[in-house]
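Nothing in this text is a laboratory measurement; each read-out follows from the coordinates by a stated rule. Since the model is a prediction, treat every value here as computed from it, not as a measurement. Here the Cβ is made from the backbone with ideal geometry for all residues, glycine too, and neighbour counts use every protein chain on show.
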Amino acid sequence: MITELGHFALILAFMVAIVQMVVPLIGAHKRWPGWMAVAEPAAQAQFFFTAFAFGALVWAFVTSDFSLRLVMLNSHSAKPMLYKISGTWGNHEGSMLLWVLIVALFGAVASVFGGGLPQTLKARVLAVQAAIGVAFFAFILFTSNPFLRLAVPPFDGQDLNPLLQDPGLAFHPPFLYLGYVGLSMAFSFAVAALIEGRVDAAWARWVRPWTLAAWIFLTIGIALGSWWAYYELGWGGFWFWDPVENASFMPWLLAAALLHSAIVVEKRESLKSWTILLAILAFGFSLVGTFIVRSGLLTSVHAFANDAERGIFILFILAFFTGGALTLFAARAQAMQARGVFGLVSREGALVANNILLAVGCFVVFFGTLWPIVAEMAFGRKLSVGPPFFNAAFTPFMVLLGAILPIGSMLPWKRGNLGRTIKKLRYVFVLAVALAVLAWAMQSGRSALGPVGLFLGSWVVFGALVDLWGRTGSIGRLMRLPRADWGKATAHAGLGVTIFAIAGLTAWDVEDIRVAQIGEPFTVGQYELTLDGVENTRGPNYFTTMATITVTQDERELAVMHPEKRNYPVAKMPTTEAAIDYRLLRDLYVVIGDQQAGGGWTVRTYIKPLANWIWGGCLLMALGGFLSLSDRRFRVAAGAAKGQGGSNEPAGVAAQ
């Protein structure tokens, strides 16, 4: 009964979304207040019905209702409760329902907290957001219905993909979708502004919080996915330039560019066309990611392999929204005349350089991801574009970005003095060079990647601190700085930490693969490992071969590690569970393989320096975003805007 109510609620949400798409748009065009006012209750009703439908699906998974086809295919009665719940979105149909739930959520939040928006702009924003919802409601109901019943329910289900039965993957999709779909609000604001023919500083102040929220969630989602790949897949890496990894990374890059570009629109009334274009492309690349994951066009360890019909439907959605928005963008080009004039050496100039590097980096990733398909379709050649291409083609842009970031952050608006700004950073430069030289002296027979990464990371981190200190000059005033200033410094420092950690891990990791005999110690780096034994046991829904390995250093026991090889009998799929000894400056990473003919076992051991610093840097970036988003100037501006009553000028003040 609950399942049928959930299905009915999904249909009602679809119908409400159609009303929300049409009526407020007509009302805004005709200046009919009553019709425009329909947008707010419709957005909230759409979210209520969608949330009910999603709740009904979660209930079916929690109660193991195997009469529901989706539950039968992706759950099992012996599965732990966390993975029963996450199984709701660990499949194509359920994840699409989560997608439209988040579309409706952002629309509902905009309807509640958008009181300071001009009435016509708000009506159009909510109408465009509803149009996105209509497209995906139609996709779900007509091609991917999650509420299909089975005439003869089985006794038990086929279980969830074992690779997804992990805490990292349980929370990774919701955060990723909050980022993906959150960019739909920036898209809706961009299209609404194009319809009105008006892009100004007030519009930029409104679009930035939505973009910032999406970027934060996307940062957390990507970090969770990278962390999961690191410890779950047993390969010891954190990023493989997999098509699905790239699908989330591309909109992240464009969202970061959009955030910085909107600052210039707000402060200087410049880069209007570019900012609108970024808002369209950022969401467009989110749709590209959806297409890559669900069309079956590209293979990946964490893609939803589906039939071509569904892929074509998503391709039509992508073409309609991106193509339609770009057509409108071309038609309204004359309405986005830049007003502010600035010199090449200025804060604006640095932000333009930032945007160019991020956008070009995004298109390099896009080219590398899709080129194998283009080559096969156009030239009949099967090509493989892997990490060597991406590392060589993408890294230089990020190095340049890190090099100019501290300087650009400290340049004044409109016109600056490059020599004066560099002078303020001279001690930071000396310190970064000293650390790089120290790293070079301590390593032996290694590449320059580690020292260069340490220089660049230190340059970005300490540059952010100097920028923060330069705004006040005293500790007392420093503590009274707006949260947005702290957020900016924290996010930039997080980027510096991540740069250094990636370079250090890539340059200084140690790998050892051998056949280990039980009871015979072996040495890896400065550690001595002993395979004490291997036993077969079982978990709640799997069988496992578990090793016990003791790690010592200078005859002092550091850790007892238990790497596993699991086999899930229902899903008929094995997984590798690495054992990791986490420390501040390194991870010791051990994987057990197969038993060999001589009685030994294959053991892979990695020493991963600075591994945790990668995700720590990502969390610092997300924390910086949260600090900026919580700046009181957002709340003060919202209150001021509400107090204006019928004014058509929003008074929101976005954080720097």
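Put in order of Cβ neighbour count within 10 Å, fewest first, the listed residues Cys618, Cys362 become Cys618, Cys362.
Kindly rank 417-426, 155-164, 186-195, 259-268 from highest to lowest mean number of other beta carbons found within 10 Å of each residue. Walk me through the numbers on the way to the answer.
Details: 417-426: 13.2, 155-164: 19.0, 186-195: 26.1, 259-268: 24.1.
The densest-packed peptide leads the list: 186-195, 259-268, 155-164, 417-426.
Using only side-chain charges placed at the Cβ, +1 for Lys and Arg and -1 for Asp and Glu, the dipole size of the chain relative to its Cα centre rounds to 3020 debye. The separation of the stretch 1-22 from the stretch 567-581, counted between C-alpha centres, amounts to 39 Å. Compactness of the stretch 195-405, taken as the C-alpha radius of gyration over 2.2 N^0.38 Å, stands at 1.10. Each Cα pair under 8 Å and six or more residues apart adds its separation to the average, and for the chain the resulting relative contact order is 13 percent. Note on Lys565: aspartates and glutamates with a C-alpha under 13 Å away, same-chain residues under 8 apart excluded, are Glu232, Glu535, Glu577, Asp594. Highest-first packing order for the peptide set 86-93, 53-60 is 86-93, 53-60, based on the mean count of other beta carbon atoms within 10 Å. Take 139-147, 76-84, 271-279, 326-334 and order them by the average number of nearby Cβ atoms within 10 Å per residue, most first; the result is 271-279, 139-147, 76-84, 326-334. Can you run phi through the Karplus equation (6.51, -1.76, 1.60; θ = phi - 60°) for the stretch 264-281 and list ³J(HN,Hα) in whole Hz, with x for Gly and Pro? Karplus values, whole Hz, x for Gly and Pro: 5, 4, 5, 7, 10, 6, 10, 6, 5, 4, 5, 5, 4, 4, 5, 4, 5, 5. Classified by the C-alpha gyration tensor, the stretch 486-616 has an oblate form. Its axis ratio a/c, with a ≥ b ≥ c, is 1.5 or above, and a/b does not exceed b/c.
All other residues with a Cβ under 11 Å from the Cβ of Thr545 taken together, and with Lys, Arg as +1 and Asp, Glu as -1, what is their net charge? For residues surrounding Thr545, the net value is -1. Which of rounded, prolate or oblate describes the stretch 323-410 when judged by the alpha-carbon gyration tensor and an a/c cut-off of 1.5? Cα axes put the stretch 323-410 in the oblate bin.
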